[in-house]
Structures are given as C-alpha cells and as structure tokens.
C-alpha cells in the first residue's frame, strides 16, 4: 500500500531524529560524504509515531534523502514528514500503520564528491495486544503550561519498561538541544527550563525509548507569557523648580513599565542632555550647577510600547528691577492715580507704593499688596506737594524703588479756622483785631471776613461783618460804646469759606480789661477744682479782681463768685463726678470786661453716697447662701462702681467678726457655711476712691442637714421578748435642722463575743424620746443604737448599748448540717441536739427554711424526740437559711440559724430578656438579663455571645464578656445577622439562647468623610467634615467623642448640631487624647458612623489666648498670641452678629448682620473692630 494511502485510525506519535555532528570547515574541505550517525531500529505500536534521525558530514555539505524499500520518500506525503535542521535530517511517520510501515528505511547522503553513502534501519510495528514485554509505557504525560518570562518551567514526564526507558524531549518536531545550560532532565524524565525565554514557547513531546521499543506522548504546548506594560512615570519631575541665581539643582525622574523604559533628559525642544550610548534604565538624575537662566527640561521615558514625556520649568529667582515710567493723573485734593510699567519677568507677587510730603522730615507712608500696575492713593492732605515711589516685590524680597514722581494735591474746603484772635479797643467806638492764618488752610488764603455783634445768640448771618484782604489785621469803628462785642474770623480760599474761629469778646469801654486768656482747669478733685488763666493782654486800668461764673449739670443752677486779683483760684464744695462749665471776666475800677468762653470740667469720682439696693439672700444648701443686689442709685454713685464688698457673720456675733469677700459682680454664693445656722449679711459698693456706706443687714438660715448622734441612750429589759429604750436629742450644734423623728436599730449578738447574728431590725419613732422594742428572742444579747432624723435623712448612730433579754423559753439548740446528695438534685440533712436549757417540758421543735434574705416560707413542726430533718430538691448555687428552735409551754425558744451555699451546676436555661438596639445603623448594641434563678444553678461568671451573618451558617464572631452587654460594629447594609448567648457558672456553660435575627437597614446613609479635628484652646476642639448629600432628609449631625475609644457608643459623649460642616467641643480635659467620630442625622435616625480621628487637647496650630477688651457699643479690641507650632503667613478674623430690639411700635425685631472677614499680617497680635 502506498504511503499516500494512510488510514484515519487513532494514532500516537513517534519521532526519529538524525543529528549531524558539527565539524570544522577545514576538516571537511573536498571530502566525500560520511555518515556520522546512523538511524536506529524502531519498534512502535500501531497508531504511534516513528522517528528516524540521520546525520552526515562532508564538503560540500551532503544532501540527505530517505528511501523506503528503495523508493525515495517525498516530504509531501501525508503521514511522512522530513525535517532538516543544522545538518540533521529527521523522518517522522505519524501515525504508524501495521502492514504498511513495517519496512527497512535507508538514509542516503551525497555531495558530488565521491560515492554516495547510506545507512539503514528497520521499523517494526506491533499490534496493541501483541506488544512485547518490557515495552515502554508513559505513566505521566506533560500538560499545557503557561509561565511568565524569566520563571522556571517544568514539563512532567514519567515512563516504565524493561529495561528502564531513557527519556528525551522534542520541541516543534526537533530534538531539544540539551547542551543549552538552561535545559535539564531529572531522574524521572521531566524537562526543566530555567530562566525561561520567549523562544522557549512551542509544542513539546516526551519520548521514552529502550531496546524493546519507543513510545511518544502527545504534543503539549508551553506558553511563555511576556508582561507588557507601557511606560509610566512613578516619580515625575515637579512642574516648577525655583532656584536662586547661580544655585544648583538635582532633577530626578523615575519611570516604570515592562519592559523597563530608558530614561533621558532634553533641554528645550531638541537639545539632548543624555548620551545615546549611556541612557539609564528606569531612573535618571541630572545635576544642574551654576544655574543662570530659566529653562524648560523634559524627561523622556521610552520602551518598545511607547514614549512618554514630562516637562518641568527650572525658574531662576532674583530681586525684581525697579518699575519705570511712573505717571500721575486724576489729581484731586485727597487722592491721585499712579500708573507705571514693569519690564522684568512676570513672576512678581505685588507692588508697594511709598509716599510722603516732599521735603518733610517724616517717615514714608506705605501701601502694600498691590497686584495691578495702577493704583489710586487716597487720604492725602489737600494742597500739599507729595513725592511717590513704586517698588516691585517677588518671593525673594523687595527690589529697588522707582524714580520719584511728584505732584501737588488740589485745594479743598478749609478744615481749620484762623487762630489766636487778639482784640484791643482804641476807643469806646473803635477796636483793632489781629489773628494768625489757619493751621491747615487746604489751599491759598485769598482773604478773611470778620464778624462782630453784641448779640451772639443770633445766627452768624445777622452779625455785622467786614471783608479783609489776605492781611491779618483790621480796624473796626463806629461801635456802640460800653457794649460787649463778640468777634469771629473766617478765612477764604478759591474753594470757599472755611470754619469760623472760636468767639472772642471785648467791651467797648475805656479802661476795662479785655478777656483773660488761656483759661483752664489744672487740678481737678472730687469736690474742688483749681482754675488758672493769664492776665488780659489789655488790662486797661489796674485789675481789682475777677468775676467767676459757673453752672453744674447736676443741680442745673448758675453760680457767680468774685475772686481776688490773681492768676489761679481753687473752687470747692462741688459735687463729685459732675460736669461743670466755668467762665471768667476781669474787673477794673472802670467796670467788668468781657468773659472767656465757657470751659467744661468734670469733677473726679468719690466714694458712693448710698449703699447697694434690693439685697436678696436665699439659702440653696446646708452650706451655701446666694446673695444678689442692685447698684446704688446713679445720682448717688459718685462715679463708676468698680467693686462690691459682701460681709457675713453668724447672727449673734459682732460685726467685727464678719468675713469679707470683694468682687465686681452683683451676685455671690457664700459657701462652707455652718448647717442650719442663721447668718447676717450686708453689702457696700466702692469706686476707685474707696468704700461707700454699707447696706442694712439681712438674715438667712442655711438648709437642714442630717443630724448628729442622740445623747444619753439607755436600754432596759421589760420581759423575755421586750426592752425599753430611751434617749435625748443630739446636741444643739449638731442638730442641723428640726428633729422630725428617730430610728432605733437592734442587732442580735453572739454570747461569747461582739460578733453580730442574723439581720438587723429597725423601729421608727416620730415624736417621742423612748420606745418599747418587742418581738425579741428570750435569753438573747442585743446591740441597740439610736439615730435622729431631719428632712435630709437619718444622721449618725449613737454608740452601741448592749442588753440581754431574760430567759423563759428554750435556748437555741446546737445544729449541724450536711449535704446528702449533689446530683441530680441537692438534698441536705439538719441534725441538732436537745437545748441545754428548756425552762420546762420540751414539747417539740420548729424548723423553718428558705432562700436567704427572702421570707422563709417552708416550716414544719417536729416532736420532742426528733433530732433530724431531711430536706430535698434544693436549688443549685443558692444560699439557703435554716432555723431550728425548741418549744415549751411559754412558746417558741431561741432560733439556731445555719446558712448553706448549695453546690453550683451548669445553667439549665439561657439568658433572658435579650434586647437589640442600634446605636447607629452599622453599630448594634445587645443587652440581656441572667437566666431565671431556677435555671441559674450558681453565680454567673461570664457569657458567650455568638454573632454572625445568617448566610455564614455559624462562621462569625464569638465573644466572651462578664457584663450583660455586647456591641458589634461595621455592619453591612440590608443584611441579616444572627445572635445567640449562653451563660457560664464555675461548672461550665449552659445552653445557647434561641437564634435572634437582626436585620440592618437597606440604606444606612453615607458616613461623613474627611473628618478632621484641631485643638483651639486647652479645653476646646474644633471638628469639621465634608457634608453628606442631603436629599431633603438630612436634619443635622451627631458628634461622638471620648477619651477611651471603646466600641460601645453609649460610653461616648455626644453633641448634636444642625446642618453644618463644623462644630466646637467644649469643656474637654486639658492635654487629653480624644477619639472623635460623626454620624449624619436623618429624619428617621442617625446614619453610618465615620472613621474615627484622634486629637490632643493641646493647641499648637491656632492662635492662643484670644480675648476681647475695651468693648463698647460700636467697637472692641481683640488680642491673641501666635500659635506654638504653626508659622502663620497671616491671620483672618471672621465675625457676624444678630441684633434683637423692640421697634417704635413695641414689636420685637431681629437684624442679622452678615459675616465679615479681615486679613492681617503675620506679625499682628491685636486688632480693633
């Protein structure tokens, strides 16, 4: 059958490879062909693969052909393939067919030099059921593998046979070259490829071969994965680097990718700075030295996957140049407009303008922070020549000033009046007036106008006047003799008339003096004022005395007094803290001259003339009294009240023993007072001068308190079950209130010592000092104490009184107790002895028992000869009380008492009353109560709480705790959780409770983000956050804060605020560390809790000691200290206000003043608003 007629039956693969050993060309020159490796005989199963390898050498290199049964095999035949590589020829037959491929195969090599040579091998094909013993069997075949380049790949292969097969590998129809050091085959036959390369990818097959036959595995792919990541910058250069002129700079650029990119630097557009033959991989640091000019530098990262660039500007800094071309325009009386140019680089921060009056010996005024190249300078003085300079400023500092620009401001209305008006009469109808020009005329004075009149109360328009040119003297004639004239002078400029001078008076009478000058007060006291003046410039005839006039605003009266001829005078008998007006005239023999203008003088303050009013006292506790009052009447204060003194003393003691407290408010709480004691209290006010009179004393009594112990307590027996107790009240000083009753405390005692027995008894007595205590045990010792009561409760008990009741009933028997059974229930046996004293015939016994500190509900009567009692079915872990007493004809005798703590067991029930409460939607709080007493079986020592998602089927959190509460956080939205709880005693755990399902909300609400906090003082912290989206449901925020960040939010302090973005936490512990978290408040409750932040209450980054003083109706002054750690650039003051008032119609109004901000320089520590 021909080779091209191969069937499609199932097949394996066998490969035969012929290797031509390499030989130096010089040795093969003109050499006939020579077979250096002959093909080997092959034994292959049907459907398998047969491979024959043939190698030959010669010069020229021989050509190898294959023949079967003498016929040449063509490589185009479907099952036959011939592959040549590096002088190796391989014939591969796949799949092998029985009856077709059993034949000899010949390898023939010829090169045209000498005769052709050949070698032959035989292929034997075995049927599957006729495979000879020992034929190779592949027990583990390779599988498809995918590895990353550079990693180690292992292709598994194992084979058995006899003899043991040798294994070699074929890749892509070629035998693997094991001379490559990266390839190795282990003892089992697996192929290991170290440091894998992309060329290792291909189809591999394992070949097992021994003397019996050859077996191939199926071809399996090995994929070598090459990670390909385009280059990216992991550390790009900054956008801008600023350096000083002549400075140095290191520019670093780091890029990553796979393959790793090359990194180089370029200056400008095309100037390469990194040599092409030395481009570093991944990182490139460029050192720039002696930098003189600004320039752009670009980092270029490139790989086979792309090229990326990052550009930075290296900016050279220097002081700016002086602005040029300073121009002045738009000149007015108080402002000018400056414009200038600047030709330097555009990296200025701002400009500064300096100016002052030209040739003035004063410092420059300065305007800073100008960011335009024009500015209007305001608040200049009119009609003044100024010089202006402009300075440029960058981040290095100020540059040199520009050339000066000068101008004279325009004229404006005059601000001042003519000065130093002097009037001298020449005759009874003529006078000469001189003056000095205004101090600030704001322009060129062009003339003056002199006004004069004998009726100064008329408007100036009705006065007589006379115009004068710009001289400073004039004469006025044709005046009325013996009249007092008032003169005022007014200056004129081109802008109009200025203000009038102060009035000056003169009398047109020969021989009378003119006005005194420089009239002033030099020494001002509380009730006296010293006045001084200068003699009139024209005294006429000799001055004989002066006339002093004054009025006061307190009594609204005018006064007049003639005083000696001198230049000073002290006026007394004035009112303190009162405004007076004084004026003065000189008198000669010819008459009284003109008076000076009135001058205001306010006398100094004095001690108040009246005490504080409406003294109110109120006791608030056994040791405190509140005192409040109103200031003295304003008309009697004699100045500002700067302090008050409060005096208090026990009623009955002298005033000299009073305690004094000084304060500046109108209320005080007196503390550390005696209980139930009456005090006398009075108050006085004081000014800066001293104390005023004291108020009338008022009295108040402190509240009651618990009293001291009763006195002289006595007790005496009445019969075997009753005693009589008597006493006296506590001492007067220790009663601390009204005694409203007494408590008598009775406690049984042991006979052999002072130890107490059984429970104490208490008896109430309302309005007596004696009492019969009944229901006691015969022949029993008791301790008796008495305590008094006030409204505040019972006080100290008296010392113990020991008393013993007489006998008459049997004494208590001796009782022993033993446990009979512990499981499944507790059983005990009481055993006792006959009482030693029965005081008659013993008629039997009474046995009582029950849980301690509860009524003993179990009781039985036994005969006189019964000395034991068995008690069963007691509860576990409970303390029981047992009482045994004998009985005679009188009654029941003394009881012997025994206590027993029954053995504990594990709880038989689970915790009860399990409650679930969400502290926030993602924080749940679970509380519970212990198992019921009958299921407790002992003292509960701890609890186990299991908490998990319902879908986790028990995989979750298990927590043990000694408290009856557990908190779980970080719950997920719309999730069901399961909780179970069990209790423990010392004996072990009880059963878990039934599963309780907890469902979280579908939408918990977003937690506030970016929560931050900073200490603003030693007791306050400001918290701020990013607001959550409102969607119309947000109503505020809840702030949680604590010094101990436990999971239980009930232990945290909270503060609720409205819809805002910040809040202040007040009254915190100084220097304490606080944890803070925030939840949004919606209409249906809180939202999810934010991440916790911590802050220490130690202000370091905020201004310190902020305080306000000099507060008035329209202003206040703020002062502060700089932060401890932060270096401020400037300060910002923000403030707003709300004003509430009643309008003219009596309707309350509210005015909201908008928020204002003020920015101040960093060196500022105070500002007046």
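With kT/(6 pi eta Rh) evaluated at 37 °C and eta = 0.692 mPa s, and Rh the Kirkwood radius from Cα pairs, region 518-602 diffuses with a coefficient of 248 µm²/s according to Stokes-Einstein.
Here, P(r) means the percent of Cα pairs in each 10 Å bin from 0 to the largest distance; for region 815-901 it is 17, 50, 26, 7, 0. Between residue 623 and residue 901, the modelled label-to-label distance comes to 4.0 nm, taking each label 7 Å out from Cα in the direction of the beta carbon.
Each Cα pair under 8 Å and six or more residues apart adds its sequence gap; the mean of these over the residue count of region 368-441 is a relative contact order of 24 percent.
Using equal-weight Cα scatterers in the Debye expression, the normalised intensity of region 379-471 in log10 at q = 0.15, 0.23 Å⁻¹ is -0.79, -1.22.
Remind me, relative contact order of the chain in percent, using alpha carbon pairs under 8 angstrom and six or more residues apart?
Numbers: 3134 pairs, mean separation 40.1, N = 1169.
Relative CO of the chain lands at 3 percent.
Over the chain, DSSP H runs of length four or greater, each weighted -39,500 (n - 2.57), average out per residue to a 222 nm ellipticity of 0 deg cm²/dmol. So if I take the centroid of the Cα atoms in region 274-346 and the same for region 1029-1058, what is the distance between those two points in Å? The two parts, judged by their Cα centres, are 50 Å apart. Extension gain, residue 814-residue 158: 0.36 nm per intervening residue step, less the Cα-Cα distance, totals 226.9 nm. Each 10 Å bin from zero up to the one holding the largest Cα-Cα distance in region 872-911 carries the following percent of pairs: 24, 33, 23, 14, 6, 1.
Over all pairs of different C-alpha atoms in region 912-999, the reciprocal of the mean inverse distance, the Kirkwood hydrodynamic radius, equals 13.5 Å. The alpha carbons of the chain occupy a box of 176, 136, 50 Å along the principal axes, longest dimension given first.
Normalised by the number of residues in region 324-408, what is the relative contact order in percent for Cα pairs under 8 Å and 6+ residues apart? Mind showing how you got there, number by number?
Working: 171 pairs, mean separation 28.7, N = 85.
Computed value for region 324-408: 34 percent relative contact order.
Measuring between their Cα centroids, region 196-234 and region 1066-1091 lie 61 Å from each other. Directionally averaged projected area (region 176-256, Cα convex hull): 10.2 nm². Would you please classify the overall shape of region 3-225 from the alpha carbon gyration tensor, given that a ≥ b ≥ c denote the square roots of the eigenvalues, rounded means a/c under 1.5, and beyond that prolate means a/b larger than b/c while oblate covers the rest? Since a/c reaches 1.5 but b/c is at least a/b, the shape of region 3-225 is classed as oblate. Stretched out straight at 0.36 nm per residue, the stretch from residue 860 to residue 318 would grow longer than its current Cα-Cα span by 184.0 nm.
Based on the alpha-carbon gyration tensor of region 1009-1099 and its eigenvalue square roots a ≥ b ≥ c, which shape applies: rounded if a/c is under 1.5, prolate if not and a/b is larger than b/c, or oblate? Prolate is the answer for region 1009-1099, as a/c is 1.5 or above and a/b outweighs b/c.
Contour minus end-to-end for residue 1109 and residue 305, with contour as 0.36 nm per residue of separation and end-to-end as the Cα-Cα distance?
Working: separation 804, 0.36 × 804 = 289.44 nm, distance 7.02 nm.
Additional length available on full extension: 282.4 nm.
Expressed as a fraction of 2.2 N^0.38 Å, the value expected for a compact globular protein of N residues, the C-alpha radius of gyration of region 474-558 is 1.45. Between residue 238 and residue 413, take the C-beta separation as r, use R0 = 41 Å, and let me know the FRET efficiency to the nearest 0.05. Efficiency at R0 = 41 Å is approximately 0.10. For region 95-201, taking the reciprocal of the average inverse distance between every pair of different Cα atoms yields a Kirkwood hydrodynamic radius of 17.3 Å.
No lab work stands behind these numbers, since they all come straight from the coordinates. Note that the coordinates shown come from a computational prediction; the quantities given were computed from them, not determined experimentally. With ideal geometry, Cβ positions are generated from the backbone for all residues, glycine too; neighbour counts draw on all protein chains shown.
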